[in-house]
Amino acid sequence: MSYNFTINPNLDIPIYQQLVDEITIAVKKGDFKHGQKLPTVYEMTQQLNVARGTIKRAYDELERSGIIEKVQGRGTFVCYHPTNSGSRKEQAMSAIDDMLSKLEQMGFSNSEINIFLNLKLRERSEEESNIKVAVVECNPEALSQISDQLRSIGGIDLYSYMLESIKEYPYKISEGFDLIVTTSSHAQYLESTLPIKKKILRVALRPSPRCLSHIIKLRAGTRVGIIGYSDRFSELLLKECQDYAEDIRVNEPFIAALDMNISDYLKGKDALLVPRHYNKYFGSEINEKLKKFKGEIIECYYEMDEGSVMYFESKIKRLLEEKTI
């Protein structure tokens, strides 16, 4: 089976690390089978047009992590085996035997070893007690809003990622995450790219009741503008206006990320829809203009619905319980 490796020299991630990440994920997804031969260092340098030392460093790293093995005179082969519970137990017992033997050789008694182990396990437990959660969304407004909602739930360490940055370098979502929160429209991409299907939690988003209430109450004939940072979020607000407001006059959204004249856009508007905490998305010029705006400013945000929140909380509770076993 042929496989086209890709690297991006414009990223701030070393080339060798990009290759390590790509091969590791490909092996764990099953794109490369146990015993399958990988390209030689020379072949890889030709394919990627990078230095031989870079490829060698990547292969050395992969060998150290148990993904590949180099066989003198034959080549480089995949040696990774997905571990089942039985083999993992055997590996664990063997590792413990090795550790105990080393400590005994250093002259420590069983009671001293027991004290050391308990201290170290307590340290590890404190370090790893939280559940590591990644949130992935396609627009910065919704990403920030979902992340704010999840931060109110205890027991988690939260990391936020724009979908575009994951597409640029998928390996930012590592196996170290316990849970990946995203919407159904993005879950399919993540599942096809990384071996994390069991960790993905699909959530449903809805506009906040407060935002909808303000939109519904807009009187017929009200001249409404929408100011967002991203196209996607602005389009969502436009759709809410079309679905819930009757006979208002709503303009095409103003996208703050683009070079547009905000003064012209504000002329004649009675109300504006903007993202919650909009001042962190917009530059000083736009924020100053909004401070002087005489009409109504409606701050809008999206949130996970009740079912998604309940599912997330139950998942976190179960994962925390598993960590304490």
Here the longest stretch of the chain that holds no GluC sites (Glu not before Pro) in a DSSP loop having at most 15 other beta carbon atoms within 10 Å is 1-127
Calculated P(r) of region 131-205 - Cα pairs past 20 Å, %: 20 percent
How high is the relative contact order of region 139-252, given as a whole-number percent (alpha carbon pairs under 8 Å, six or more residues apart)? 24 percent
Most mobile of 18, 145, 47 in a GNM of the chain (Cα contacts under 10 Å): 47
Going by how many other Cβ atoms sit within 10 Å of their own, how do 233, 108, 177 line up, fewest first? 108, 177, 233
Among 264, 305, 97: highest mean-square fluctuation, GNM of the chain, C-alpha pairs under 10 Å: 97
So what's the chain giving for Cα Rg divided by 2.2 N^0.38 Å, two decimals? 1.33
The extension gain from residue 193 to residue 261, computed as 0.36 nm times the residue separation minus the Cα-Cα distance, is 20.5 nm
Potential lengthening between residue 64 and residue 309 on full extension [0.36 nm per residue; Cα-Cα distance subtracted]: 84.1 nm
What distance in nm separates the simple spin-label points at residue 72 and residue 242, each placed 7 Å from Cα in the Cβ direction? 6.9 nm
Region 161-289 - Rg (one decimal) and Dmax (whole number), Cα, Å: 18.1, 53
Return the single residue from 216, 196, 226 with maximal mean-square fluctuation; model: Gaussian network over the chain, springs between Cα atoms under 10 Å. 216
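Quick one, can you get me the convex hull of the C-alpha atoms of region 281-325 expressed as volume per residue in Å³?
Working: hull volume 4.8 nm³, N = 45.
Taking only Cα atoms, region 281-325 has a hull volume of 106 Å³ per residue.
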Would you calculate the separation in nanometres between label points at residue 231 and residue 110, each defined as 7 Å from the Cα along the Cα-to-beta-carbon direction? 6.9 nm
Give the calculated FRET efficiency between residue 122 and residue 94 to the nearest 0.05, with a Förster radius of 25 Å applied to their Cβ-Cβ distance. 0.55
Between 0 and 90°, nearest 10: helix 110-127 axis offset from the chain longest Cα axis: 20 degrees
Provide the gained length on full extension for the span residue 284 to residue 172, in nm with one decimal, where the gain is 0.36 nm per separating residue minus the Cα-Cα distance. 37.1 nm
Test of understanding: ordering 239, 198, 56 by Cβ neighbours within 10 Å, fewest first, what list do you get? 198, 239, 56
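Sort 317, 291 so the one with the fewest other Cβ atoms within 10 Å of its own Cβ comes first.
Listed from fewest to most nearby Cβ atoms, that is 291, 317.
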Under 10 Å from the Cβ of residue 80, count the other residues' Cβ atoms, weight Lys and Arg +1, Asp and Glu -1, and hand me the total. +1
Each label sits 7 Å from Cα toward the beta-carbon; between residue 34 and residue 102 the label points are separated, in nm, by 2.6 nm
For the chain, any Cys whose C-beta has no other cysteine C-beta under 4.7 angstrom counts as unpaired, and these are 79, 138, 241
Give me the Å³ per residue figure for the convex hull around the C-alpha atoms of region 15-78. 77 Å³
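Bear in mind these aren't lab numbers, they're just calculated from the coordinates by the rules spelled out. The model shown is predicted, which means the values in this text are computed figures rather than measured ones. Here Cβ is always computed from backbone atoms with ideal geometry, including for glycine, and neighbour counts include all displayed protein chains.
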